[in-house]
Every structure is written in C-alpha cells, then in structure tokens.
Amino acid sequence: MLGSTDLVLLGKVVATHGIRGQLSVVPFSGEFSTILSLQTVYLSGPDNCKESFEVDRAAVHRNRVLLTLKGFANINEVLHLVGRELFARRDQFPPLDEGEFYWCDLIGLSVTTSEGLPLGRIEEIIATGSNDVYVVRDGEREYLIPALEDIVVGVDLDKGIMTVSPTEGLLDL
C-alpha cells in the first residue's frame, strides 16, 4: 500500500481534451517537464485514496499538459477523472542542474537573511512568468521574496534553510 507521504502533488486534472480520452492537466508549478517525464501518475479518488495509472503519452498544449493514460481510449472512460489532483513519486522526477530545486523541496524551508534575521517559512510559491515568488510567512507577517540569484544567496536542503539578501525596502512592504 502506498502512503500519501511518498507522493508529491503536481497538478490537477481540469478537463478532458478531445474525444480520445486525453486529460487536460494544470501543473501547480507552472513547469511542465516533470509531468512530461512521468511513467506512472497517481490521481486522488473521492475518498482521498490514490489510484495509480500508467502514462501512455504526455505533451504540452498551451499552458497545460495533455495526458493520455494507458487503457483509456475515449472521453467517456476518463470523465470521472476530471477534478482529481495529480501526484507522482518523488523518485520519478528528472535530475536537476546545480542550483535548481523542485517546489516540493523548497516549501517548508526556513528563510533567514544573510544577517541572520529569521523571516519565517516558505508556505507557497507563485509562478509569475519572469521569476517565481516565494511567499514567506511568520505568524501574521508575510514577505514576498522574488526568486532571483542576487536575492536568494543560498539554499541548504539538508538543514532546511534558505538564505536571502533582500534589496533595500523589500522587507518593508
């Protein structure tokens, strides 16, 4: 039996596409390559258990991923899957280049300034097109930190810490 902690939430099935059983998936990270590389996906069921499906094909179409699952050949067979969240095993993700991170690895990191001032934890990441923005919260205080090389000066996944060097006024907003 697969535990839910073994899986990472990647997106949501928002519609069908065409009549041949394709699913339209919105990736939560705004990034497509991870979903395109998967051989198996897990979709949440009505009782929140995860059902596994083998991937036949995946392709980018506009701002979505068109997913074809093995064994499904027409729209009527996949209609019940619309609205389900899409998960995958972390060990299926393709390797990243140096200095790149998956969102699932960054969410929850403690964020401190290079001077040692704790800012909170990354609770959310917003894809803006030009760069991601980390939503850092500490109680009622919220900071929006742009994911830029001159601002994010270090990420230590082993220690669970991101170090930032905010520009003047960034933390005053």
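How about the stretch 1-60: which trypsin sites (Lys or Arg not before Pro) there lie in a loop by DSSP and see at most 15 other Cβ atoms within 10 Å?
Working: sites: K12, R20, K50, R57; in loops: R20.
Answer in residue order: R20.
Mind running the shape call on the stretch 64-161? Use the C-alpha gyration tensor, a ≥ b ≥ c as the square roots of the eigenvalues: rounded below 1.5 for a/c, prolate if a/b tops b/c, oblate otherwise.
On the way: a/c = 2.74, a/b = 2.20, b/c = 1.25.
Prolate shape, in that a/c is at least 1.5 and a/b is the bigger ratio.
Write down the radius of gyration of the stretch 25-92 and its Dmax, each obtained from C-alpha positions, in Å.
Looking at the stretch 25-92, its Cα Rg and Dmax stand at 11.6, 32 Å.
Gain in length, V26 to V82, computed as 0.36 nm per residue apart minus the alpha-carbon separation, to one decimal in nm? All intermediate terms of the calculation are to be shown ahead of the outcome.
Numbers: separation 56, 0.36 × 56 = 20.16 nm, distance 1.14 nm.
Here the segment from V26 to V82 would lengthen by 19.0 nm.
Which one of V60, A73, T40 has its Cα pushed farthest toward the positive end of the charge dipole of the stretch 23-96, where Lys and Arg give +1 and Asp and Glu give -1 at the Cβ?
Of V60, A73, T40, it is V60.
Would you mind getting the accessible area per residue of the stretch 1-148, heavy atoms of the protein chains only, 1.4 Å probe, in Å²?
On the way: 8460 Å² over 148 residues.
For the stretch 1-148, the solvent-accessible area averages 57 Å² per residue.
Largest first, what is the accessible-area ranking of L117, L10, L81, L148 with a 1.4 Å probe?
Details: L117 95, L10 25, L81 0, L148 70 Å².
Output order, biggest surface exposure first: L117, L148, L10, L81.
In debye, nearest 20: dipole of the stretch 1-82 around its Cα centre with unit charges on the Cβ of K, R (+) and D, E (-)?
Numbers: 7 positive and 7 negative charges, 64 e Å.
Charge dipole, the stretch 1-82, about its Cα centre: 300 debye, nearest 20.
In square nanometres, what is the average projected area of the Cα convex hull of the stretch 1-149?
Working: hull surface 42.9 nm².
Average projection, Cα convex hull of the stretch 1-149: 10.7 nm².
Between T167 and L96, what FRET efficiency follows from the Cβ-Cβ distance if R0 is 22 Å, with the result rounded to 0.05? Please report the intermediate quantities before stating the final value.
Working: r = 26 Å, r/R0 = 1.19.
Using R0 = 22 Å, I get an efficiency of 0.25.
The values are calculated or read from the model by the stated rules, or taken from the named source; none is laboratory data. Computed from a predicted structure; not experimentally measured. Counting neighbours? That spans all protein chains shown, and the Cβs are built from the backbone with ideal geometry, glycine included. To get the accessible areas, we keep the full protein, side chains included, count just its heavy atoms, and leave off ligands, DNA and RNA. Shrake-Rupley method; radii C 1.70, N 1.55, O 1.52, S 1.80 Å.
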